[in-house]
Every structure is written in structure tokens, then in C-alpha cells.
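Note sheet for the following structure.
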Amino acid sequence: NRILDVLDDGKGHIWIGTDHNGLFIYDISNGTITNLVEDRNSSSAIASNNISCLYLDDDGVVWLGHNKKGISYYHYSFHSIVNIEHPESRDVSVILEDSKGHIWLGTDGKGLFLKRNERDEEVKQQYINSPVVSLLEDRKGRIWIGTYLDGLYCYDNGNYKHFTIENSLLASNDIWCLKEDRYGNLWIGSLGGAIQCLRNGMESFYSLETQCIDVKHPLDMYYDGGDKLYIATVHGLYVVDIKTNNCIGLFGNKSATQGF
């Protein structure tokens with residue numbers, strides 16, 4: 001009942017990060033579940049029982065972001081989990097590996113940090129000091145950084161651009177989730193501010209289009225690689241057809257009899 005993130009590692013296991021209950025690993029082939037918890041007497045145990053995010057990079061390394069305890073990472077070639085705790089980047093809320101192999105760490109309260117690779121002990125703080133909620137690299141190699149209360153940043157070739165409700169058509173300064181579709185359109189989910197789309201080729205944030213006006217509190221988005229964008233909210237699941245912009249809502253009921 002305290003699940004914060006779920007990850008399929010592509011090797012037959014589902015990783016489940018929880019709040020205060022540690023890490024659960026579900027083996028799809030035999031149905032067994034292994035619970036890994038913090039052990040201060042063991043250097044190979046996970047750093048904490050509060051796992052806020054999970055991420056699988058292109059090398060098959062699984063990353064764990066902890067609340068107050070930095071990050072951990074694991075690969076099947078290792079014998080144990082490796083923990084890294086940096087004094088300034090302990091509250092890791094979101095992780096991204098870019099196309100150059102760099103690891104971006106968004107934190108809750110300490111801003112944005114960058115690791116050159118998983119074995120690099122050096123963690124450098126970036127331009128942004130605000131709480132980071134979402135990260136995305138688009139097909140042009142730009143890094144988009146969604147923050148809480150401080151709008152949306154774009155890192156492009158060493159330079160940062162900053163977009164807020166004051167200098168753009170952003171519906172909110174709380175950018176909760178980001179996705180790019182197969183057409184290169186950027187989809188933005190903001191807390192309390194609906195779903196917006198920046199069409200590929202449109203550089204001005206005064207050209208943002210608002211979609212699914214009934215959606216006010218998106219928590220996460222999933223793109224299926226085709227024409228469907230799924231939006232998880234506090235009020236149910238919404239599905240957007242990115243070609244027609246048609247948006248439908250799917251809702252549950254108390255008896256759990258309403259299906260999709």
C-alpha cells in the first residue's frame with residue numbers, strides 16, 4: 001500500500017520501490033517476491049527503505065533514488081548493490097540517463113545534479129536549485145527539467161532556458177510529468193494545470209496547446225510509442241489520441257466492476 005515506483009528490468013523481474021518498506025523484487029517466472037531492506041551493518045544492503053524512484057539505463061544498470069540517502073545502483077554482473085551518498089544530493093526524486101551516458105539526478109529541495117557515468121564518484125550541482133520533479137531528453141538532445149513551483153527548464157548545448165507562467169503560456173509552474181511522442185511533440189503535465197503540448201518545430205512557449213481540459217492533477221504519463229498517451233491522475237486514467245487530440249476518461253467505482 002506504499003508503492004512509489006515500479007520498474008520492469010527486462011530480465012524477468014519487477015522492481016517495486018516503497019515508502020518505508022524497502023525494495024521488493026517480483027520474479028515473473030515463479031511468482032516469488034524478495035524484500036530488500038536497509039541494514040546499517042551491511043555495506044551491500046540498500047541505502048534506505050524509502051525508495052522514491054527507479055530507473056533502468058541503457059547498460060542494464062538499475063538505479064534507486066532514496067529519500068535522504070542518495071542513490072544506489074545494481075547490475076547483474078555485480079555481486080551487490082552499490083550505494084552513493086553525496087552531502088548535497090541525498091533526496092533523489094527522479095533519474096535520467098542521457099544519450100551521452102551522463103546521469104542526471106533531480107532532488108527534492110537541492111536542485112539538479114550530474115554524474116558523468118555510474119562509476120564516477122563526482123556529483124556536480126547544476127544551474128537549477130529548485131525541487132526537480134521530472135526529467136526528459138528529447139530527440140534533439142535537449143534536457144527538459146520540470147520543477148515544483150519554478151516552472152520548466154530546458155538545457156541545450158550548455159545553456160539553460162527558463163519558462164514560467166510569467167513568460168509563457170504554461171498553465172502552472174508545477175511541472176509534474178513530461179513525454180515526447182513519435183512526432184517530436186513535447187507533452188507537459190502540470191499539477192492543477194491540465195495537459196499541454198508543444199508541437200515539434202515550435203520554439204515559442206506562447207504556442208502551447210492545452211489538451212484534455214478536464215485533467216487538473218496529472219501524476220504520471222505513459223506513451224505507448226504509437227498514437228496513445230495515457231495520463232494517470234488523482235481522479236482516474238485519461239487516454240489521449242495524439243493524432244485526433246480526442247481525450248477520454250476511464251474511472252473506477254467502489255465495487256471494482258467498471259472495466260476499461
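The values are calculated or read from the model by the stated rules, or taken from the named source; none is laboratory data. Keep in mind that what you see is a predicted model, and the values were worked out from it rather than measured. As a convention, Cβ positions derive from the backbone with ideal geometry for all residues, glycine included, and neighbour counts pool all protein chains shown. Side chains included, ligands, DNA and RNA excluded: accessible areas come from the protein's heavy atoms. Shrake-Rupley method; radii C 1.70, N 1.55, O 1.52, S 1.80 Å.
Points to keep in mind about this one:
- Boolean, ASN253 is at pLDDT 90 or above and open to solvent by 60 Å² or more (accessible area, probe 1.4 Å): no
- Residue within the range 27-43 that is exposed (fewer than 14 other Cβ atoms within 10 Å of the Cβ), at pLDDT below 90 and hydroxyl-bearing (Ser, Thr, Tyr) present: yes
- Counted residues, the range 210-233 - those being touching a residue at least 24 places away in the same chain (Cβ under 8 Å) and part of a strand (DSSP E or B): 10
- Among the residues listed as LEU170, LEU149, LEU198, the single one being within 28 Å of GLY70 (Cα to Cα) and not acidic (Asp, Glu): LEU149
- Residues that are open to solvent by 60 Å² or more (accessible area, probe 1.4 Å) and aromatic (Phe, Trp, Tyr) were ranked within the range 205-233; the one that is nearest to VAL94 (Cα to Cα) is TYR222.
This table checks each residue for (1) out of contact with any strand residue (DSSP E or B) (no Cβ under 9 Å at 6 or more places or on another chain); (2) in a loop (DSSP other than H, G, I, E, B); (3) at pLDDT below 90.
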site: LYS69; (1), (2), (3): no, yes, yes
site: TYR73; (1), (2), (3): no, no, yes
site: HIS79; (1), (2), (3): yes, yes, yes
site: VAL94; (1), (2), (3): no, no, no
site: LYS100; (1), (2), (3): yes, yes, no
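- Screening VAL94 with (1) open to solvent by 30 Å² or more (accessible area, probe 1.4 Å); (2) among the aliphatic types (A, V, I, L, M); (3) touching a residue at least 24 places away in the same chain (Cβ under 8 Å) gives one miss only, at (1).
- For the range 175-195, the candidate set comprises residues that are in a loop (DSSP other than H, G, I, E, B) and at pLDDT 95 or above; within that set, the residue that is most open to solvent (accessible area, probe 1.4 Å) is ARG182.
- Of the criteria (1) closer than 29 Å to ASP98 by Cα; (2) over 20 Å from the mean Cα position of the chain (by Cα); (3) free of Cβ contacts under 8 Å to residues at least 60 places away in the same chain, which one ILE33 fails: (1)
- Exclusive hit being of a type in the set (A, V, I, L, M, F, W, C), over 28 Å from ILE213 (Cα atoms) and touching a Cys at 6+ places or on another chain (Cβ under 7 Å), set ILE103, ILE128, ILE95: ILE95
Per-residue answers, yes or no, for (1) open to solvent by 40 Å² or more (accessible area, probe 1.4 Å); (2) in a strand (DSSP E or B); (3) of a type in the set (Phe, Trp, Tyr); (4) modelled with pLDDT under 90:
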| residue | (1), (2), (3), (4) |
| --- | --- |
| LEU4 | yes, yes, no, yes |
| GLY10 | yes, no, no, no |
| THR18 | no, yes, no, no |
| ASP59 | yes, no, no, yes |
| ASN83 | yes, yes, no, yes |
| SER89 | no, no, no, yes |
| LYS110 | yes, no, no, yes |
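- Search result, residues across the range 145-161 that are under 18 Å from GLY193 (Cα atoms) and either at pLDDT 95 or above or in contact with a Leu (Cβ under 9 Å, 6 or more places away or on another chain) (or both): ILE145, GLY146, THR147, TYR148, ASP150, GLY151, LEU152, TYR153
- A single entry from ILE51, ILE128, ILE145 fulfils the requirement of being touching a residue at least 24 places away in the same chain (Cβ under 8 Å), open to solvent by less than 40 Å² (accessible area, probe 1.4 Å) and part of a loop (DSSP other than H, G, I, E, B): ILE128.
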